[in-house]
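Report on the structure given below.
Laboratory data are not the source of any read-out in this text; all were calculated from the coordinates shown. Worth saying up front: this structure is predicted, and the values here are computed from it rather than measured. Glycine gets a Cβ as well: all are built from the backbone with ideal geometry, and neighbour counts include every protein chain shown.
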Amino acid sequence: MDSQIRTDLAVESVEQLEKEPLGVRKRQYSKEGVTVTEVAVHDEKTAEELKKAVGNYVTIDLTPFQSVSVNFEGELSVVAEELQKLLPAEGLVLVAGLGNEQITPDAVGPKTAAGVLATRHVTDGNNHIEGLSELRPVAVMAPGVLGQTGIETAEFIRSVCDRIKPSAVIAVDALASGSIRRLGTTVQLTNTGISPGSGVQNKRKALNQDALGVPVVALGIPTIVDAASVVVRAPAGENPEPEELSGCMVTPREIDVIIDKASSMLALAINKALQPSLSVEDILGLTE
């Protein structure tokens with residue numbers, strides 16, 4: 001695998017290899033008119049080769065977020081169902097929207113968090129609200145980034161986990177792809193956690209079960225491609241050398257629309273996964 005092609009997507013890491021490793025199981029299928037690809041990394045040797053942690057990765061190909069989907073309900077249902085599979089069946093869940101809302105390609109985390117239904121305060125028996133007391137307890141936070149707070153995201157979230165004792169954390173963040181065609185068209189879910197800021201080349205301390213003490217499910221969409229990766233894929237002699245573009249990133253010109261629509265869709269999917277008894281209309285009525 002060419003080390004100059006960087007990606008957060010496990011499916012792309014596998015595709016870049018000449019031969020699929022023995023320690024990987026890859027399966028692709030269609031559900032509700034949506035293509036789903038599962039990649040399971042089984043051993044540390046394979047994880048090192050792929051530069052991905054041991055665990056399960058689910059990639060869902062969607063209608064580009066800058067377009068109108070004719071299968072929105074089907075796509076939403078698939079994302080919610082795949083997320084639900086990775087979560088414990090019961091217990092408080094902490095949703096953390098990672099990233100910097102002031103940088104558009106990095107804003108999907110905090111914007112998604114803003115649309116997630118927080119219920120911990122109405123399901124603890126102290127603040128009963130008719131019709132909501134039976135919902136699963138959910139807490140939501142958008143911790144910002146180190147440059148804004150002076151606090152590592154992992155430290156921030158770990159302190160909250162120590163206090164409220166969630167059964168799992170859902171971490172939402174922007175991702176980097178190795179291919180322009182995947183920008184704003186793909187959702188990846190994984191039970192391996194995430195390194196905050198990886199989507200904008202500012203990787204921080206990992207958020208995973210070792211760091212937080214609870215299972216971490218990461219959910220994200222690719223919003224940028226390294227310019228160097230684009231050059232590596234281009235015919236030889238037609239572009240600058242990759243090292244000349246080190247630190248440069250490519251993002252679609254429709255990134256504002258992509259982030260707004262993607263964050264709305266991810267928030268709905270999280271709400272449906274955590275509160276399956278609610279309809280989309282119910283969720284929108286409670287969050288808007």
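The table below lists the values:
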quantity	calculated
Space enclosed by the convex hull of the alpha-carbon atoms of the stretch 18-87, per residue, Å³	115
GLY23 long-range amide H proximity, modeled H, under 5 Å	none
Quotient of Cα Rg and 2.2 N^0.38 Å for the stretch 10-277, N being how many residues it contains	1.00
Label zone at ILE180, where the point sits 7 Å out along the Cα-to-Cβ direction: the stretch 54-82 residues whose backbone N lies under 18 Å	64-67
The chain: relative contact order in percent, alpha carbon pairs under 8 Å with at least 6 residues between	21
Karplus-derived 3J(HN,Hα), 6.51/-1.76/1.60, for each residue of the stretch 85-94, Hz, glycine and proline x	4, 8, 9, x, 5, 9, x, 4, 10, 9
Nonlocal amide H pairs with ALA142, under 5 Å, H built at 1.01 Å	GLY97
From phi via Karplus (6.51, -1.76, 1.60), per-residue ³J(HN,Hα) for the stretch 137-145 in Hz, x at Gly/Pro	x, 9, 10, 10, 8, 10, x, x, 10
Relative exposure of LYS272, LYS31, judged by other C-beta atoms within 10 Å (fewest first)	LYS31, LYS272
Long-range HN-HN contacts of ILE103 with modeled amide H, under 5 Å	none
Listed peptides 41-50, 93-102 by packing density, highest first (mean Cβ within 10 Å)	93-102, 41-50
